[in-house]
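Every number here is computed from the coordinates shown, using simple stated rules; none is lab data. Since the model is a prediction, treat every value here as computed from it, not as a measurement. Please note: Cβ atoms are built from the backbone with ideal geometry, for glycine as well, and neighbour counts cover all protein chains shown.
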Amino acid sequence: MTSAWQTMPWVQGLQPYQPGKPLAELKRELSIDNAIKLASNENPLGTSAKVQAAIAAAVPDLGRYPEGSAPELRRALGERLEVAPEQILLGNGSDEIFTMLCRCFAGPGVEVIVSQYAFASYAIAARSVGAELVQVPARDYGHDLDAMAARIGPSTRLVFLANPNNPTGTSFTGAALDAFLAKVPEHVLVVLDEAYAELMTAVDYPNGIDRLARHPNLLITRTFSKAYGLAGLRCGYAVAAPELIALLERLRLPFNSNSLAQVAAIAALDDTEHLAAALANNRAGLALIEKGLHDYGLTTLPAAGNFITFFTPRPAQDLYQALLQRGVIIRPLGPYGMSSHLRVSIGLPEENQRFLQTLGEVL
């Protein structure tokens, strides 16, 4: 049946984003009650007690619209990041900001550059406005920043970088980032996705926000979904020059940051103990799972953030299904062109142990 709806030609070529399988869906399909989900890079500690208390206190006011520009949250973020509130834009997750950027700067006849194995949302945002997506081949599964800089042309308007990169886990240093930014012409906006910044411990991991003053064509995105454990509330943000933020504000949908997300994010910023516990759990989990995978003779990609990507000697989709049947949800990477790899998120200690034990059984 041919649809009578006339869509833009590029919409037909879009593929919906494929999230990690939810626990409820697995229970419906296989009647598994004790499954664990290590598929979506979530904080296994969840939301803190302080955040839950802030949410509970805000519930009586849910009949009112939120403050559209989230002034209190932007003020709190500005103090934490040492930037002006006018440099901050709130989004319904970072994904909404990627879409706003492409609506503002891209379209038919415009190039958007990404790396091979880049986060799928970049491609969806670019193609949704009819822009030409330029995918630069990866180097060792990570960004080839030299090749990406060389590919920039007169029609290029946006370059998306992720540090670390999801789903591969690779990262680049401050020296590499500075060398790249020095090559980017003024007409090109560099979007640096730092969704996992709070989890990074490497001494040479660069803070993109520190580079904003030198590069007005740089925009940083971050999120409360990972280290802060607020994935269900969808609270992301961008940091950039005030003039750039003012442009994007014209495209921001009214009330895109809901009331609960705003109060939860402010409480999460203040709860340094919960963040410290999440970082400690993540460090221990990374070490445990990486060692366990190596003990099984499996090859891993460099692990950064709160997940590990590994190569499988048998078809990865088969191994994923075998784990699924035993109530362990991880992430197949076929949609990224990595059909021989799987990605596992760091969970609680008992979840990490169960993953390794179950993996050993199915191997």
> Somewhere in the range 277-300, is a residue in contact (Cβ under 8 Å) with a residue 24 or more places away in the chain, out of contact with any Lys or Arg (no Cβ under 8 Å at 6 or more places or on another chain) and outside any helix (DSSP H, G or I)?
Replying inline: yes
> Filter the range 330-363 for residues that are touching a Phe, Trp or Tyr at 6+ places or on another chain (Cβ under 9 Å) and among the β-branched types (Val, Ile, Thr); which is nearest to GLN15 (Cα to Cα)?
Replying inline: ILE330
>> Scan the range 209-222 and tell me whether some residue there is buried (at least 22 other Cβ atoms within 10 Å of the Cβ) and of a type in the set (Gly, Ala, Ser).
In response: no
>> With the condition being touching a helix residue (DSSP H, G or I) at 6+ places or on another chain (Cβ under 7 Å) and within 19 Å of ARG211 (Cα to Cα), I'd like the strands (runs of 3 or more DSSP E) fully within the range 111-184 carrying at least 3 qualifying residues.
In response: 156-162
> Which residue pairs have Cβ atoms under 8 Å apart, sit 6 or more places apart or on different chains, and have a first residue in the range 319-343 that is more than 22 Å from LEU30 (Cβ to Cβ) and a second that is surrounded by fewer than 23 Cβ atoms within 10 Å (Cβ to Cβ) and among the β-branched types (Val, Ile, Thr)?
Replying inline: SER340/THR312; HIS341/THR312
> Within the range 164-192, how many residues turn out to be closer than 13 Å to PRO206 by Cβ and in contact (Cβ under 8 Å) with a residue 60 or more places away in the chain?
Replying inline: 2
> When ARG343 is evaluated against the numbered criteria (1) surrounded by 22 or more Cβ atoms within 10 Å (Cβ to Cβ); (2) in a helix (DSSP H, G or I), which criterion, by number, is the only one it fails?
Replying inline: (2)
>> One residue is enough: does the range 286-295 have a residue meeting the conditions under 16 Å from PRO44 (Cβ atoms) and more than 22 Å from the chain's Cα centre (by Cα)?
In response: yes
